[in-house]
């Protein structure tokens with residue numbers, strides 16, 4: 001029984017690592033560039049990142065699009081795809097939202113290759129949620145200790161994990 005207690009305690013103390021499909025630790029980043037050309041010219045140069053109907057059938061160039069890649073390397077959006085980046089194209093700016101530092105570097109290099117001197121790299125920065133969102137989802141230790149509902153939830157979670165543990169002879 002003591003072994004089960006310590007196993008549960010250790011598992012509860014571990015923080016899960018969240019990874020993307022490539023196995024990179026999840027860290028949201030923004031990659032920013034200044035456009036040195038018209039938006040339509042930039043979108044045309046970025047077309048290889050999003051194959052298929054780039055205008056979404058409406059004849060209008062998108063202000064946002066996804067960089068899609070499948071496991072086989074085919075960038076066809078009608079197959080199971082991985083989104084490497086979300087791009088937003090402004091009048092004078094280009095921004096990629098990615099979920100790892102490695103993908104930020106890949107996006108920086110790929111965009112520079114496609115656009116050349118039509119774009120000027122500005123920065124790679126961590127993307128953080130607005131302050132209000134961070135405050136809404138933060139529970140302090142004092143709040144959790146004083147909340148019977150939270151304590152009951154935690155207790156039931158621990159008991160569920162206890163029931164799922166394989167039998168131990170220790």
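The values are calculated or read from the model by the stated rules, or taken from the named source; none is laboratory data. Everything numeric here is computed off the predicted structure, so don't read it as measured data. Positions of Cβ are backbone-derived with ideal geometry, glycine not excepted, and every protein chain shown enters the neighbour counts.
Can you find even one residue in region 127-142 that is in contact with a strand residue (DSSP E or B) (Cβ under 9 Å, 6 or more places away or on another chain), at pLDDT 55 or above and either surrounded by 13 or more Cβ atoms within 10 Å (Cβ to Cβ) or closer than 21 Å to residue 66 by Cβ (or both)? Checking region 127-142: at least one residue is in contact with a strand residue (DSSP E or B) (Cβ under 9 Å, 6 or more places away or on another chain), at pLDDT 55 or above and either surrounded by 13 or more Cβ atoms within 10 Å (Cβ to Cβ) or closer than 21 Å to residue 66 by Cβ (or both). Listed by position, the strands (runs of 3 or more DSSP E) inside region 10-98 whose residues that are within 25 Å of residue 112 (Cβ to Cβ), touching a strand residue (DSSP E or B) at 6+ places or on another chain (Cβ under 7 Å) and at pLDDT below 85 number at least 3 are 64-69.
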